[in-house]
Amino acid sequence: MKNTIKITAISTLLIISCLLIGACGGGAEQLVQGQGEVDISTTDSTTKAALPSVTIQVSTSSGGAPYETDTTDANGSYKWVSPTGGVGSNYFFTFSKVGYVTQANIEETPQATSTITLPVAMVPSS
């Protein structure tokens, strides 16, 4: 009987430990790996409406060649996560879309303890 109680107690502790580790999610893992997040939202500067399919290029120097390119989703949003060890490093974001003025070299420095919010209001080209 004592062995059954011990096995049950140990099993319960193992299950709880696994659940706690699983609950940490990406944020805790990114913190450990030295990654930071930048939450990007793009809008039309005149209508203030969300602007989908904006091309985002990320580089490690102002005017440098992009090492990563992606686009915003249907809500004009994109969550960029820095590479491992990228916390505290400067990154330069360029935003472009046909019919809008390109916004180049917006500098951000991801932090380990907080997510950076980067709102981008795209100006229609004339």
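The values are calculated or read from the model by the stated rules, or taken from the named source; none is laboratory data. All of these numbers come straight from a predicted model, not from anything done at the bench. Note: ideal-geometry Cβ built from the backbone for every residue, glycine included; neighbour counts use all protein chains shown.
Residue-wise test of (1) surrounded by fewer than 18 Cβ atoms within 10 Å (Cβ to Cβ); (2) under 14 Å from the mean Cα position of the chain (by Cα); (3) at pLDDT below 95.
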site: 36; (1), (2), (3): no, yes, yes
site: 53; (1), (2), (3): yes, no, no
site: 66; (1), (2), (3): yes, no, yes
site: 91; (1), (2), (3): no, yes, yes
site: 99; (1), (2), (3): yes, no, no
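Among the residues making up the range 68-126, those that are small (Gly, Ala, Ser) and more than 22 Å from residue 35 (Cα to Cα) are 74, 76, 96, 99, 104, 121, 125, 126. Which numbered condition trips up residue 61, out of (1) in contact with a Pro (Cβ under 9 Å, 6 or more places away or on another chain); (2) loosely packed, with under 15 Cβ neighbours inside 10 Å? All conditions pass for residue 61, except number (1).
Specify the residue that is farthest from residue 52 (Cα to Cα); the eligible residues are those in the range 89-113 that are of a type in the set (Gly, Ala, Ser) and touching a residue at least 40 places away in the same chain (Cβ under 8 Å). The selected residue is 112.
For the range 113-125, indicate whether the set of residues that are among the polar types (S, T, N, Q), surrounded by 13 or more Cβ atoms within 10 Å (Cβ to Cβ) and not in a strand (DSSP E or B) is non-empty. Yes: one or more hits. Among residues of the range 110-126 being under 11 Å from the mean Cα position of the chain (by Cα) and aliphatic (A, V, I, L, M), the one that is modelled with the lowest pLDDT is 116.
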